[in-house]
Amino acid sequence: MNHRPLDGVTVVSLEQAVAAPFATRQLADLGARVIKVERPGTGDFARRYDETVRGEASYFVWLNRSKESLTLDLKSPAGAEILTRLLDDADVFVQNLAPGAAARLGLDASALTTRRPQLVCCDISGYGNDGPWADRKAYDALVQAEAGLMSVTGTPDTPVKVGVSVADIAAGMYAYSGILASLYTRATTGTAPPVEVALFEALAEWMSQPSLYTRHGGTAPARVGAEHATIAPYGPFTCADGRDVLIAVQNEREWAALCEKVLGRPELVGDPRFAGNSARVAARAEINTFIRERFALLDAEEAVALLDAAAIANARLNSVEEFNDHPSLIGRDRWRNVAVPGGQASSLLPPAGLGGVQPRMDPVPALGEHTEDILGRIGYQAPEIARLRAEGTI
């Protein structure tokens, strides 16, 4: 029998978009029962981002496997009563509603933990539940901009956002770990401390290195495209066959190996212009010229072979299609099929593997798919459920 760490834990989540669904999906991976509360008729708006995965949105399929979908109008008295009954038996409550919405419904962590000290309550917001920006809407790209991430991402001429939803992902990860910590605290003390995560503060943590560099160095890291702003040589170089290979030199041994075994320029090792990483960052343009000239004579496989032989870290600049077929994913059997309402979709196993534990990879729910079953479990009879549906409560 496959016992998972969170078997028996029930999570109720008023969630939408990315941050909260990412946190709760990881709880579901570990065995938690996750009841996803959605708006009747429309549901989580991430359901409609696209229709590329058997008619479902790619974001939604990624974030919502192994969950139960309950449609509920929380503004109706009957809907509020259903949620109250669900929370009576829940272990965890998660919400990332619009600013102020949870508080207006009496569902913010401070209100709920007063009534239910053993309920792990997690609030996910853009800028926190208090402070001068508490009422401000916060979407991923907006937070990337406010946190300064775009200022260090892109080319010298053009700041760009990161190609995945890093602010949402960061917040979801911290919410997930915070919930686990609160569950552990409840197990050892009997009381569950509330968890609060702000997208801006999650990404602020990730901006700590450029923040320190700027505060104590006097200048911000430059935008250098796919290169590293403060380590050199570290970036992609085009080979004779048009493919790009990214190299990363982290220390003096690797610098010497690059010069001697890859570039064929041993005289550069002792050149004071390139002695130490700070000097190489200052001389980045000249070093890059040496590397470009050498790589122009090699195809990508030849360049990778030389770099591997010299024990210099490197990578191919892959497309998404190449990532999907990556030998590491295939060789380690990381892909699984997960059911979606329109068929099957490919999903990756969770990154954190637990010895002897198989993560849940159960279906992605259709909107309201589990409504009647959930209501039946908490005592509602068929005529009552029919009435609630006719009234638009569910």
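General remarks:
- Contacts under 6 angstrom Cβ, first residue in segment 245-267 being free of Cβ contacts under 8 Å to residues at least 12 places away in the same chain, partner surrounded by fewer than 16 Cβ atoms within 10 Å (Cβ to Cβ) and charged (D, E, K, R), 6 or more apart: CYS259/ARG265; PRO266/GLU260
- Failed criterion for ALA134 (all others in (1) touching a Gly at 6+ places or on another chain (Cβ under 9 Å); (2) of a type in the set (A, V, I, L, M); (3) buried (at least 16 other Cβ atoms within 10 Å of the Cβ) hold): (3)
- Among the candidates SER319, SER347, residue that is open to solvent by less than 70 Å² (accessible area, probe 1.4 Å), at pLDDT below 95 and of a type outside the set (Val, Ile, Thr): SER319
- Where a residue in segment 182-202 is in contact (Cβ under 8 Å) with a residue 12 or more places away in the chain and its partner, wherever it lies, is among the hydrophobic types (A, V, I, L, M, F, W, C) and open to solvent by 70 Å² or more (accessible area, probe 1.4 Å), with Cβ under 8 Å and at least six apart: PHE200/TRP133; ALA202/MET173
- Any hit, segment 80-90, residues being touching a residue at least 60 places away in the same chain (Cβ under 8 Å) and basic (Lys, Arg): yes
- Wholly within segment 305-394, strands (runs of 3 or more DSSP E) carrying at least 3 residues that are not small (Gly, Ala, Ser): 335-340
- Checked against the criterion of being modelled with pLDDT of 95 or more and under 22 Å from ASP89 (Cα atoms), the candidates VAL37, VAL18 yield just one match: VAL37.
- Being touching a Cys at 6+ places or on another chain (Cβ under 6 Å) and among the hydrophobic types (A, V, I, L, M, F, W, C) holds for only one residue in ALA46, ALA80, ALA109, and it is ALA109.
- In segment 155-255, counting only helices (runs of 4 or more DSSP H) that sit wholly within it, the ones holding 2 or more residues that are open to solvent by 20 Å² or more (accessible area, probe 1.4 Å), within 28 Å of VAL9 (Cβ to Cβ) and out of contact with any Leu (no Cβ under 7 Å at 6 or more places or on another chain) span 166-189, 199-206.
- Some residue of segment 281-300 being part of a strand (DSSP E or B), open to solvent by 80 Å² or more (accessible area, probe 1.4 Å) and either in contact with a helix residue (DSSP H, G or I) (Cβ under 7 Å, 6 or more places away or on another chain) or charged (D, E, K, R) (or both): no
The values are calculated or read from the model by the stated rules, or taken from the named source; none is laboratory data. All values derive from a computational prediction rather than experimental measurement. Positions of Cβ are generated from backbone atoms using ideal geometry, with glycine treated the same way; all protein chains shown enter the neighbour counts. What goes into the accessible areas is simple: the full protein's heavy atoms, side chains included, and nothing from ligands, DNA or RNA. Shrake-Rupley method; radii C 1.70, N 1.55, O 1.52, S 1.80 Å.
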